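The values are calculated or read from the model by the stated rules, or taken from the named source; none is laboratory data. Quantities reported herein were computed from a predicted structural model and do not represent experimental measurements. Neighbour counts run over all protein chains shown; Cβ positions are idealised from the backbone, glycine included. The area values use the complete protein model at the heavy-atom level, side chains included, leaving out ligands, DNA and RNA. Shrake-Rupley method; radii C 1.70, N 1.55, O 1.52, S 1.80 Å.
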Amino acid sequence: MKVIKDPVKIQAIVDRIRPVKKIGLIPTMGALHKGHISLIESAKKEAEFIIVSIFVNPIQFGPKEDYKNYPRKPGEDNKILEDLGVDILFSPFVIDLYPNPQTTFIHIPSLEKLLCGKVRNWHFKGVLTVVAKLFNITKPHFSYFGQKDYQQALMIRRMTNELNFDLKIRLSPTIREDDGLAVSSRNIYLSNEERKRANLLYLSLKEAEASLRKGEDPISTIEKQKLLIEKNGFILNYFEIVDPETLKPLDEVKDRALIAVSAKTGKTMLIDNLIYE
Ligand code: AMP
């Protein structure tokens, strides 16, 4: 596996590779876990040249967020990627991706202030901007994202289509611990006590799904789950049942809906979602 930090160097390599091999890109922030590994495994099924990027992107973090303390495990990550047979690890320094302060940003105004963007209204422009840079640097045919970050994947797909990036976005299912908790790099912040209760969000999504199936309306379904989550000591950010394309709240569920939750336990913000069909 080649480890590359310089965008120009990787562009020169992919210019040679792209005409002969399908390139798959998996963007990550590192501290790799089985969620990331599942994306790499999906990539290996259809792409012949696998690039994983590890970059903790400062412009998607707010001033009070965990950018400085975000888990970083370069040694362990390298070993995992070597063992998986990844071709290139692209792990730039901040100065490599942002040699000058970034002044060009990608926005999707209709989506960036909903769900996770309600309290983190800077976040998605940082994500879209860095992903656009990664696409232009690595020139993949396919790029892989997890359903755990559904809103992020939806916005990246929208950007890819509307800005004519020449690649396909693939969405992979959320990988969970045995008790249902969505695997996340941030789960290491959970204390033992918090970890024991952290699967409540998943259980609550499943309960909401069951209520909708029984014909209960979204508003009372949401109210019930909000109460349950708050009674268990979480600080709720949102619990919503929305249209999976517009992310707008649904008054009634006809065929598909996204049930999405975000709540804090201790210092850790957890997110999760289910697609109701
Ligand atoms: P991150 O390193 O947290 O930025 O995540 C990198 C990619 O891995 C994103 O596309 C995430 O949606 C995806 N991902 C993170 N956790 C999971 C999970 N538990 N299951 C599937 N994909 C995940």
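A few points about this structure:
- Axis of helix 34-46 versus longest Cα principal axis of the chain: the two differ by about 60°, to the nearest ten degrees.
- Violating pairs (Cα-Cα greater than 32 angstrom) within the set 45/254; 9/113; 34/226; 21/248; 125/196; 68/224: 45/254; 9/113; 21/248; 125/196; 68/224
- Positive-pole candidate from 208, 220, 257, dipole of region 185-272, charges at beta carbon: 208
- Shape category assigned to region 2-172 from the gyration tensor of Cα positions, a/c cut at 1.5: rounded
- Over the chain, relative contact order from alpha-carbon pairs under 8 Å, at least 6 apart, %: 18
- In the assembled protein chains, residue 206 presents an accessible area of approximately 80 Å² (probe radius 1.4 Å).
- Heavy-atom accessible surface of the chain, averaged per residue, reaches 49 Å², computed with a 1.4 Å probe.
- Think of it as helices only: each DSSP H run of n ≥ 4 in the chain is worth -39500 (n - 2.57), and spread over all residues that comes to -11500 deg cm²/dmol at 222 nm.
- Within the chain, DSSP assigns beta bridges of which about 50% are antiparallel (rounded to the nearest 5).
- Nearest-ten-degree value, helix 123-138 long axis tilted from longest Cα axis of the chain: 30
- Region 126-262 - percent relative contact order, Cα under 8 Å, separation 6 or more: 16
- Apolar share of the accessible surface for the chain: 53 percent from carbon plus sulfur atoms, 1.4 Å probe.
- For region 223-277 and region 7-30, distance of Cα centres in Å: 36
- Of the listed residues 114, 171, 201, the order by accessible area with a 1.4 Å probe, largest first, is 171, 114, 201.
- Taken along its principal axes, the alpha carbon cloud of region 185-272 reaches lengths of 40, 24, 16 Å, longest axis first.
- Applying the criteria of a DSSP loop state and at most 13 other Cβ atoms within 10 Å to the GluC sites (Glu not before Pro) of region 194-266 yields 245, 252.
- Relative protection proxy for 96-106, 142-152, from highest mean packing down: 142-152, 96-106 (other beta-carbon atoms within 10 angstrom).
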